[in-house]
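For reference, the structure discussed in these notes is given below.
Any read-out appearing in this document is the output of simple, stated calculations on the displayed coordinates, not a laboratory observation. Since the structure is predicted, the reported quantities are computational estimates derived from the model, not experimental observations. Note: ideal-geometry Cβ built from the backbone for every residue, glycine included; neighbour counts use all protein chains shown.
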Amino acid sequence: MSFAGMTVVVLGGSSGIGLATARGALTEEARVVITGRSQHRLDAAKRELGPDVVAVPLDAADEAGTRTLFERLEHVDHVFITAGAISFGRGLAPETTALRPALETRFWGAVYAAKYAAPKMKRGGSITLMSGTAAVRPLPGASVATASCGAVEAFARALALDLAPIRVNVIQPGLIDTPLIGELMGDRREAMIAQEAARLPVGRVGKPEDVADAVLFLMRNGYVTGITLTIDGGRLLL
Ligand SMILES: NC(=O)c1ccc[n+]([C@@H]2O[C@H](COP(=O)([O-])OP(=O)(O)OC[C@H]3O[C@@H](n4cnc5c(N)ncnc54)[C@H](OP(=O)(O)O)[C@@H]3O)[C@@H](O)[C@H]2O)c1
């Protein structure tokens with residue numbers, strides 16, 4: 001199925017998994033809208049994706065901005081919310097405010113997007129939220145960020161009933177080699193990627209396109225709703 005004539009919105013579409021999903025949707029002739037906080041990243045994404053992409057600066061935690069974004073769109077067919085803050089090594093940080101962005105973006109960002117996108121959507125449309133395998137196999141020092149993934153998964157199952165026949169699903173990636181990994185790991189990135197690749201059943205870590213392909217499947221397949229789809233190279237088997 002092509003996405004010709006459809007509007008696909010990717011919140012957090014200027015890098016990594018979101019950018020790969022935007023690229024895939026464009027290839028299938030969708031009208032694509034991407035968002036992100038950094039104008040610089042949006043400009044770079046627009047240069048790569050081409051002039052037809054609409055790039056809007058927006059923080060996923062900004063409810064008023066999210067409302068305005070969707071109000072300006074005539075109709076919406078598929079929404080992918082990938083934006084989500086993650087912080088490792090903080091545990092229950094001394095400053096509680098440092099823990100809040102995880103829920104403010106991944107969870108509340110998903111609530112805002114669903115709330116303002118749904119009125120513009122019709123049967124067959126879909127909303128895809130972003131979790132991670134940490135939701136079921138937590139990594140040390142990221143308890144609140146982990147909880148934001150679990151919250152999104154429970155939210156999606158409930159929302160799939162509330163918004164039906166609009167479909168709501170979650171994508172749950174394992175380790176995917178995106179700019180985020182460089183930001184989190186710094187000069188330990190390469191060693192970590194090699195270590196993970198060596199232990200995964202598939203013998204490599206994920207690429208943004210591996211996840212984008214699954215997101216496009218969730219958008220396309222009209223019989224899939226309320227699921228969490230794991231794309232992890234077998235990480236959860238270990
Ligand atoms: N890579 C992995 O191994 C992995 C595994 C499991 C789950 N995930 C999740 O997948 C999602 C995407 O990660 P990625 O690896 O593709 O990272 P990435 O390459 O850093 O891309 C993240 C995208 O989201 C945008 N973004 C981040 N925070 C935002 C916010 N508050 N409001 C609006 N846009 C925001 C970024 O743009 P700006 O920075 O300019 O806002 C960028 O476009 C994240 O939620 C991450 O936790 C990733």
What's the local net charge at MET121, with K and R +1, D and E -1, over the other residues with C-beta under 11 Å away?
+3
With DSSP loop assignment and no more than 15 other C-beta atoms within 10 Å, the chymotrypsin sites (Phe, Trp or Tyr not before Pro) in segment 141-238 are TYR223
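With a cap of 15 neighbouring Cβ atoms within 10 Å, and only residues DSSP puts in a loop, list the chymotrypsin sites (Phe, Trp or Tyr not before Pro) found in segment 11-103. Kindly include the intermediate steps, with their values, before the conclusion.
Numbers: sites: PHE70, PHE80, PHE88; in loops: PHE88.
Answer in residue order: PHE88.
What order do you get for 10-21, 202-213, 168-179, 143-154 when each peptide is scored by the mean count of other beta carbon atoms within 10 Å, highest first?
Details: 10-21: 26.6, 202-213: 18.0, 168-179: 22.7, 143-154: 20.5.
Result, highest mean Cβ count within 10 Å first: 10-21, 168-179, 143-154, 202-213.
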Any chance you could give the angle, 0 to 90 degrees and rounded to 10, that helix 39-49 forms with the longest Cα principal axis of the chain?
70 degrees
If the cut-off is 17 Å between C-alpha atoms, which aspartates and glutamates fall inside it for LYS122, apart from same-chain ones fewer than 8 positions away?
GLU71, GLU74, ASP77, ASP162
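Between beta-carbons, use under 11 Å as the cut-off and find the net charge around ALA60, counting Lys and Arg +1, Asp and Glu -1.
Values: positive: ARG37, ARG106; negative: ASP59, ASP62, GLU63, GLU104.
Value of the local net charge: -2.
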What net charge do the residues around THR7 carry, taking every other residue with its C-beta under 9 Å from that of THR7, with Lys and Arg at +1 and Asp and Glu at -1?
0
Angle, helix 208-220 long axis vs. longest principal axis of the chain, Cα atoms, 0 to 90°, nearest 10?
40 degrees
